[in-house]
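Taking it in order: structure first as structure tokens, then the write-up.
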Amino acid sequence: MAEKIFKDSFDALVIGGGIAGGEAALNLANNGFRVILVEKDLSIGGKMIHLSKVFPTLDCSACITTPKVSEISRHPSITILTGSEVKKIVKRGKNDFEAMVIKHPRYVREEDCTGCQLCEQACPVVVNDQYQYDMVGRKAAYIPFSIASPRVAAIDIENCTLCGACEKACPTKCIDFTQEATEYQLSLRSVIIATGFNLFDPLKIERFGYGKMKNVITSMQMERLLAPTRPYNTVLRPGDGKMPCRLAYVLCTGSRDITVGNPICSQICCMYSIKQAQLLMGALPMADVTIYYINIRSFGKGFEEFYDQAKGMGVNFVKGKIGMISEKEDGDLILRYEDINDNVVKEASHDMVILSVGVVSNPDNAAFFDSGQLRLDPFEFVCQTDLLASPARTSIGGVFVAGTASGPMDIPDSILSAGAASSEAMSYIIRK
Amino acid sequence: MNRKLGVYICHCGGNISDYVDVEKVKAAVEHDEGVFLARTTMFACSDATQKEMVEDINANQLDGIVVASCSPKLHLTTFRAVAERAGLNKYNYVHANIREQVSWAHSDNKTGATEKAIHLVKSAIARVRLAESLDPITIPSRKAVAVIGAGISGMRAAIELADMGCPVTLIEREHFVGGRVAQWDLLFTTDQTGKELVTRLYDDIAKRSNIRLLTGAEVIENTGNIGDFTLKVKVTPRYINERCDEGNLQRAIDACPVEVPDDFNFNITTRKAIYHNFPSEYPQYPVIDIKNCTRCGECEKVCGSIDFSQQEKTVEVKAGSVLMATGFDPYNPSEGEFGYLQFDNVVTLPQFKRIIDMCEEKLTFRGKDIHNIAYIYCVGSRQVEAGASSAGGSATDRYEEASRDISGENRYCSRYCCTSVIHSAIETKKRFRAVNNYHFTRGIRTYGKQELLYNESLKMGDIYLQSYENDPPSVIRENGKTTVRINDIMTAGKEISVNADLIVLVTGMVPRSDNRIASLFKLPKGRDNFFNEIHMKLRPVETVIDGVTICGACQGPKNITESVNSSLSAATKSFSYVSKGELELEPIIARVDAALCTWCGKCMEACPFDAVKKVVDGGKEIAAINNSVCKGCGMCLPVCPVNAIDLVAYSDQEMETMINALAEDIK
Ligand SMILES: Cc1cc2nc3c(=O)[nH]c(=O)nc-3n(C[C@H](O)[C@H](O)[C@H](O)COP(=O)(O)OP(=O)(O)OC[C@H]3O[C@@H](n4cnc5c(N)ncnc54)[C@H](O)[C@@H]3O)c2cc1C
Ligand SMILES: Cc1cc2nc3c(=O)[nH]c(=O)nc-3n(C[C@H](O)[C@H](O)[C@H](O)COP(=O)(O)OP(=O)(O)OC[C@H]3O[C@@H](n4cnc5c(N)ncnc54)[C@H](O)[C@@H]3O)c2cc1C
Ligand code: SF4
Ligand code: SF4
Ligand code: SF4
Ligand code: SF4
């Protein structure tokens, strides 16, 4: 178990270092409050740091995430624990929370690692790279991704063979296989939950063939194929490396679908699909992109105009529900769908299919507090107990929710919701 | 001065390097005078590169840096902070924009783009050679915020600011608080009522001694700037004494002979010249609408609280920051648009919300029972360019077709209305007997968890039809019957007609028609004509006018939750301008050379911010610049006949060397 125990106190604990948690932490810190930010992953930045460009402005996502991330990571009033988990939070009284946090060993001393990547080169073990959504490999000794923060190596101990090659290669001798978990006992005055969302697992819809048919990928994989730090430096079919020229998007994959237990709409997938379609038209000028949809939900500021722009660029929008996808010998895919305009079942052939997977809740939220204290909604998002007047409020006074931890939303809405959470936390702390 | 300079040229992960040969740029500048090191980088803004820059500056004692990357709008502050962390005065960093101005603008010409980038970087180097170290101007900032508009957004922001310990003046133009929300009865998605919500917030405001609420109040003048705004507010009286007897007041209302359309009910009913919108509305006593009052004196006869001697006042409000929450107007269809004001059973969604609120047991309108309701979606939203839609409309006695023009300026989707109309349709069906709902949609947009309402309405048997783009439904009146006709996508283009007792136009949100406040504050507007933020993701509640934040529906369509999220964000931002009691401002302002100035007054006329004043200096009249007002816009520079004014950090000398560098031939 934990080797060392640290005790400290902060004005606020922010759980989750995505854009929502990061924004909330910055707001608090810039107004003079001390914040501890606990991130489960090896880097802060959440999903946003992995995106290509963002709708509806087509700003490069890395360009707007990295400066935030670096502002957070060097803010004197913010302490960051990456690779860490909140085990239990207990509320003792108003303005008085106790939390236990475990920082898992990284097997690399963060302070000393220079990010030179020599360990990566030395390591003989290759496994799937989770940050490229399994499309390429990485080593067992690895820097999570090029714009990670902190940009230091970690050893994936589950896959490590303990051969010791990295230890020898490391010029600063910062690899340390004896590292153990560290326990932090924190006393806090407020808590912000910003644990984000999970992506719907498309393996649950067998008839779409994900996992079996190589050229069926998820939208998150397509984000990676389009991102500046992309795995192949171009858009290719994972099946055979061919450049795709007839791409199809299947909207509402895992959303608005009671057969998978998720009747709600994910709110972002129409728009990110339209965005990707526009980027694909730029990256693959010869390609046709078809979007199969139930309704196009371009409701936000500048969204309808963005949708019109996609239509103007020649993206093909078909109102239709996909029944099933089958694979031909050459890896092309046949989509059987109900064409709603014509009211008939049709088939279309595409050479790459992107499943616009939806937003589902993060199950971690249930475990932070003793059972039942933190109310969840029917879909296990954190329940907003005063949705209209105080959207950041939860069932526990002094505990607030930011971003997609309370339900699907895009980046602008996540940032505004984080603004609300930090604002409420501030007045909660000041009011005493 | 022999400077030791560092130059960083960014790939922007391909955004720049796909069109600009960044290595070539580096090679072209690395031997320029003073350049000690030049590097290219994948993301200049990344944490790792920032660290590297700090190390470079420290290790090599650099005394100036140039960063060539994206627009300084995005990262000026990022790289200034890098300089500061390295102990370098931040004004010794100069930016070159080689993305928006080069790679994105010239993606069709890589050679030309690279040449232009070289020129821009060279001119930045030329400028940084002359850059001075500057200290920010520190000004006091008054710990007080003026919140304009007491709708849900403004009220919520005021409460939050007060709880952070910041005094607030809440300025509401109407005589009652709550904004639009007070007009809605049941709200999606919680089924609370607007009145409940407004009452709760009003109580919260009344409890807080550091909120001053002004109703019937309108800002008529704005002077000053961030840290020190002075607003002149015209406050119209209620003509009723505060401690009044409610019973008598009701008698006074009954006695008033004047009837005018009631805009609280969107003119479907009338009210008296002395009125309140609904019983126990806040503040809890009525008001005399002096414009329509004939001074007949009937009310005075029955109620002693009426006081026509009350005078209009002008109040001065001082604040360090202004938070704008002036909301929206519902779209007002033009006469004949889908039969509006042409057929007497065509209403807008806001009117419909008032109708269902006012009906008790039976749903009736203008004395007729309502059973079949047709809802026509997206009226005034998602409009298309003129000419793209087909318009109908011939009029005879027996057969009349309304205009179905959907062209207009409002391209955007109003976001709230699909959910609102479906929620209202469900409520109508639950509350009144034998109601059939027919929805004429353009694709349902109940995003997120709001989808559950759509599912519920489908289960209750509501009928959904969808029109083709550019082929909107038509409203026809024949033999006294009103029919809505559509070519329906959901049934493969079948023409479907519905006989409707009431037609509800699902109208969107538009900016407030009375927008004098925007010109008072010089607030910028977006393509959609709503107030515009600086950057949707990086600075979502700030405006280009320093110290003025925006939130709620004045910024674009939003539901209540979204309005409040932005309002609390704006409260935090406004608080951060005033919480410390002082503010640091950019020292990039105009500077007068006292020896040269002959006081002709031309600069004072040219300055849009009134920053120039005449002073006497050593017996000589000269121009003086007010440091906290000057924005460094440079308007005064070209008008000075003796060239006595320079802009700090943009001096003539700096501009000239930059021009020379731009004109230089490159190999
Ligand atoms: C394919 C795709 C494309 C998209 N494109 C766009 C776009 O173009 N524009 C746009 O506006 N939006 C886009 N989005 C939506 C955007 O990703 C989200 O709005 C945004 O990431 C939400 O931020 P968040 O901080 O709430 O959650 P997340 O990004 O999920 O961050 C949550 C963070 O919390 C951490 N965490 C989780 N559990 C724990 C725990 N138990 N303890 C500690 N830490 C934990 C996670 O590791 C993560 O870092 C896209 C989404 C997808 C899937
Ligand atoms: C028909 C309809 C039904 C709706 N139903 C719902 C619902 O059920 N649930 C939901 O979440 N949302 C609903 N909405 C959306 C909701 O009305 C808005 O989100 C909300 O009103 C926005 O609040 P606001 O404070 O930003 O603006 P507003 O409500 O417009 O308030 C602005 C305030 O500012 C004042 N003001 C304006 N100009 C000035 C000035 N120059 N000086 C001083 N004061 C000024 C106004 O008088 C007003 O009091 C509905 C909208 C409509 C049109
Ligand atoms: S010790 Fe483990 S991480 Fe290091 S090189 Fe060997 S396998 Fe890779
Ligand atoms: S662990 Fe050592 S070898 Fe690996 S990146 Fe860090 S410093 Fe380099
Ligand atoms: S946002 Fe679009 S794709 Fe996503 S669930 Fe909603 S309707 Fe479907
Ligand atoms: S929310 Fe619905 S009704 Fe309103 S403009 Fe958008 S699509 Fe039309």
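Brief remarks follow.
- Any chance A:L387 is in contact with a Cys (Cβ under 8 Å, 6 or more places away or on another chain), within 14 Å of another protein chain (Cβ to nearest Cβ) and of a type in the set (A, V, I, L, M): no
- Taken as a whole, the condition of being within 10 Å of another protein chain (Cβ to nearest Cβ) and over 27 Å from B:I534 (Cα atoms) does not apply to A:I334.
- Scanning segment B:69-90 for residues that are in contact (Cβ under 8 Å) with a residue 40 or more places away in the chain and within 12 Å of chain A (Cβ to nearest Cβ) turns up B:S69, B:C70, B:K73, B:L74.
- Any strands (runs of 3 or more DSSP E) falling wholly within segment A:88-196 and containing at least 1 residues that are more than 16 Å from ligand 1 (Cβ to nearest atom): A:96-103, A:126-128, A:137-139, A:182-188
- Condition met for B:I444 (more than 23 Å from B:P333 (Cβ to Cβ) and in the same structural domain as B:V384 (by TED's automatic domain parsing)): no
- Flag for A:E180 being more than 14 Å from every other protein chain (Cβ to nearest Cβ), open to solvent by 40 Å² or more (accessible area, probe 1.4 Å), more than 27 Å from A:G18 (Cβ to Cβ) and acidic (D, E): yes
- Those residues of segment A:301-310 which are open to solvent by less than 10 Å² (accessible area, probe 1.4 Å) and of a type in the set (F, W, Y), in sequence order: A:F303, A:F306
- Flag not set for B:E656, criterion: touching a strand residue (DSSP E or B) at 6+ places or on another chain (Cβ under 9 Å) and open to solvent by 30 Å² or more (accessible area, probe 1.4 Å).
- Residues that are open to solvent by less than 20 Å² (accessible area, probe 1.4 Å) and not small (G, A, S), drawn from segment A:387-399: A:L388, A:P391, A:T394, A:I396, A:V399
- Taking (1) more than 16 Å from ligand 1 (Cβ to nearest atom); (2) of a type in the set (D, E); (3) more than 8 Å from every other protein chain (Cβ to nearest Cβ) in turn, A:D410 satisfies each apart from (1).
- Entirely in segment B:542-608, the strands (runs of 3 or more DSSP E) that have 1 or more residues that are more than 8 Å from every other protein chain (Cβ to nearest Cβ) and of a type in the set (K, R): B:590-592
- A:L284 being without any contact (Cβ under 8 Å) to a residue 24 or more places away in the chain and more than 16 Å from ligand 3 (Cβ to nearest atom): no
- Boolean, B:S467 is more than 9 Å from chain A (Cβ to nearest Cβ), within 28 Å of B:Q342 (Cα to Cα), buried (at least 19 other Cβ atoms within 10 Å of the Cβ) and not β-branched (V, I, T): yes
- Residues of segment B:405-449 that turn out to be in a loop (DSSP other than H, G, I, E, B), away from every other protein chain (no Cβ under 14 Å) and either under 30 Å from the mean Cα position of the chain (by Cα) or within 16 Å of ligand 2 (Cβ to nearest atom) (or both), as a count: 1
- Taken over segment A:36-65, the criterion of being facing chain B (nearest Cβ under 8 Å) and within 15 Å of the chain's Cα centre (by Cα) is satisfied by A:V54, A:A62.
- Filtered residues of segment B:164-175 (kept if open to solvent by less than 20 Å² (accessible area, probe 1.4 Å) and within 13 Å of chain A (Cβ to nearest Cβ)): B:M164, B:C166, B:V168
- Boolean, A:D240 is surrounded by fewer than 21 Cβ atoms within 10 Å (Cβ to Cβ) and without any contact (Cβ under 8 Å) to a residue 60 or more places away in the chain: no
- Inter-residue pairs, beta-carbon under 9 Å, first within 19 Å of B:V219 (Cα to Cα) and more than 10 Å from chain A (Cβ to nearest Cβ) and in segment B:517-539, second acidic (D, E) and not in a strand (DSSP E or B), 6+ apart: none
- Residue list for segment B:489-498, filter: surrounded by 14 or more Cβ atoms within 10 Å (Cβ to Cβ) and modelled with pLDDT of 95 or more: B:I496, B:V498
- From B:T78, B:T138, residue being within 30 Å of B:A158 (Cβ to Cβ), surrounded by fewer than 21 Cβ atoms within 10 Å (Cβ to Cβ) and at pLDDT below 95: B:T138
- Of the residues making up segment A:303-316, at least one is within 16 Å of ligand 1 (Cβ to nearest atom) and over 22 Å from A:A227 (Cα atoms).
- Restricting A:A418, A:A389 to those that are outside the structural domain of A:M271 (by TED's automatic domain parsing) and assigned to a helix (DSSP H, G or I) reduces the list to A:A418.
- Counting the residues of segment A:276-289 that are open to solvent by less than 20 Å² (accessible area, probe 1.4 Å) and either within 16 Å of ligand 4 (Cβ to nearest atom) or within 14 Å of chain B (Cβ to nearest Cβ) (or both) gives 0.
- In segment B:18-34, the residues that are open to solvent by less than 50 Å² (accessible area, probe 1.4 Å) and in a loop (DSSP other than H, G, I, E, B): B:V20, B:D32, B:G34
- Pairing residues of segment B:325-348 that are assigned by TED's automatic domain parsing to the domain that holds B:I373 with residues that are aromatic (F, W, Y), at Cβ distances under 7 Å and at least 6 apart in sequence or on separate chains, gives B:P333/B:Y340; B:N345/B:F365; B:V346/B:F338; B:V346/B:Y340; B:T348/B:F266.
- Residue count for segment A:59-87, restricted to those that are in contact with a helix residue (DSSP H, G or I) (Cβ under 9 Å, 6 or more places away or on another chain), assigned to a loop (DSSP other than H, G, I, E, B) and not small (G, A, S): 3.
- Note on segment A:413-427: residues that are in contact (Cβ under 8 Å) with a residue 24 or more places away in the chain and surrounded by fewer than 24 Cβ atoms within 10 Å (Cβ to Cβ) total 0.
- Restricting B:E300, B:E281 to those that are surrounded by 14 or more Cβ atoms within 10 Å (Cβ to Cβ), farther than 28 Å from B:R212 by Cα and out of contact with any Leu (no Cβ under 9 Å at 6 or more places or on another chain) reduces the list to B:E300.
- Scanning segment A:223-281 for residues that are charged (D, E, K, R) and either not assigned by TED's automatic domain parsing to the domain that holds A:G312 or not in a strand (DSSP E or B) (or both) returns A:E223, A:R224, A:R230, A:R237, A:D240, A:K242, A:R256, A:K275.
- Test result for A:Y293, within 14 Å of ligand 1 (Cβ to nearest atom) and open to solvent by 10 Å² or more (accessible area, probe 1.4 Å): no
The values are calculated or read from the model by the stated rules, or taken from the named source; none is laboratory data. Everything numeric here is computed off the predicted structure, so don't read it as measured data. Neighbour counts are summed over all protein chains in view; Cβ atoms, including those assigned to glycine, are modelled from backbone coordinates with ideal geometry. Side chains are part of the model used for accessible areas, which takes the heavy atoms of the whole protein and leaves out ligands, DNA and RNA. Shrake-Rupley method; radii C 1.70, N 1.55, O 1.52, S 1.80 Å.
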